[in-house]
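Report on one structure; see the data block that follows.
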Amino acid sequence: MSNTNDQPVKMTLDALRLYPGAAMYIQSQSDGSHTRHKVQFIGTIKTQSVLVTLPFENGKGMWMQAGHTFVLRGFNGIYAYAFSSQVIRPRAHPFPYIHFSWPREIDCQLVRKSLRVEVALPAKITLPDNSSVAVTLLDLSTPGSMLDSPAALGTVGDHAKICFTVDFEGNETRIDLSVIIRNIHPKEDGTGFRIGVGFEAVARNDALILHYVINNIALGASA
């Protein structure tokens, strides 16, 4: 579905093509709580229910009352989505999970490529001469990142490689990308440089992971 103005759109659950294990956040609408709890999407019984893992609070499974309404939010790699649903019933076997009512429609927002989140991720830059420099990613977006580096890494327009690890569905996933130096600014305290880099020729799988991680961080920051 295209949306050139990036306005919210309505979609069906099937159209989102969620995969088992995808992270979601649920927030109660029945008790006025503003807390979002992270769960995992398990699957669906089509047109009948949505299955997600039971959220835990202080190490204990939350009590979920049938009929209570929750908002379920997540990101499928392209769209940030949200929908209201009611608890049908919790189950304890073969593991704790919940049946939520099937949503008739889902509010979706195309995630702009310019979405940028603050991070503090260790990374390694490999220069054309094969030397490497340890840096820190200060922010992250799909087009690029701002680095905290002890060295200038070259000049504007130079190319390099960067690798860093992100948390993707609870697994440490390594990202290796080609970058171009966009700008270089000495830090005021003289301890290094702030360097803006752009990501180049990003593979589809890496792009989807970046979209997921960035939106997940943004969702967590607003929880």
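The values are calculated or read from the model by the stated rules, or taken from the named source; none is laboratory data. Keep in mind it's a predicted model, so treat the numbers as computed, not measured. Here Cβ is always computed from backbone atoms with ideal geometry, including for glycine, and neighbour counts include all displayed protein chains.
Here are the numbers for this structure:
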item: Test for residue 115: is it at pLDDT below 85 and in a loop (DSSP other than H, G, I, E, B); result: yes
item: Within the stretch 147-188, tally of residues that are in a strand (DSSP E or B) and small (Gly, Ala, Ser); result: 3
item: Any pair with Cβ under 7 angstrom, 6 or more apart, that starts in the stretch 14-41 at a residue that is in the same structural domain as residue 65 (by TED's automatic domain parsing) and within 17 Å of residue 99 (Cβ to Cβ) and ends at one that is modelled with pLDDT of 90 or more and assigned to a loop (DSSP other than H, G, I, E, B); result: 26/55; 28/68; 30/68; 37/55; 39/55
item: Residue selected from the stretch 122-141 under the condition in contact (Cβ under 8 Å) with a residue 60 or more places away in the chain and touching a Ser or Thr at 6+ places or on another chain (Cβ under 8 Å), by the criterion farthest from residue 155 (Cα to Cα); result: 141
item: Residues within the stretch 144-163 that are crowded, with 16+ Cβ neighbours inside 10 Å and of a type in the set (S, T, N, Q), tallied; result: 2
item: Residue 52, sole failed condition from (1) surrounded by 14 or more Cβ atoms within 10 Å (Cβ to Cβ); (2) closer than 23 Å to residue 166 by Cα; (3) not hydroxyl-bearing (Ser, Thr, Tyr); result: (2)
item: Search result, residues across the stretch 129-146 that are under 19 Å from residue 207 (Cα atoms) and not in a strand (DSSP E or B); result: 141, 142, 143
item: Subset tally (residues that are part of a helix (DSSP H, G or I) and surrounded by 15 or more Cβ atoms within 10 Å (Cβ to Cβ)) for the stretch 189-206; result: 1
item: Residue check for residue 123: crowded, with 16+ Cβ neighbours inside 10 Å and assigned by TED's automatic domain parsing to the domain that holds residue 141; result: yes
item: Which listed residue is of a type outside the set (Gly, Ala, Ser), within 23 Å of residue 169 (Cα to Cα), in contact with a Pro (Cβ under 6 Å, 6 or more places away or on another chain) and not in a loop (DSSP other than H, G, I, E, B), from 100, 83; result: 83
item: Every residue from the stretch 1-30 that is among the β-branched types (Val, Ile, Thr) and modelled with pLDDT of 85 or more; result: 9, 12, 26
item: Hits in the stretch 91-117 - residues which are without any contact (Cβ under 8 Å) to a residue 60 or more places away in the chain, closer than 29 Å to residue 146 by Cβ and out of contact with any Ser or Thr (no Cβ under 6 Å at 6 or more places or on another chain); result: 114
item: The one condition in (1) assigned by TED's automatic domain parsing to the domain that holds residue 210; (2) in contact (Cβ under 8 Å) with a residue 60 or more places away in the chain that residue 163 fails to fulfil; result: (2)
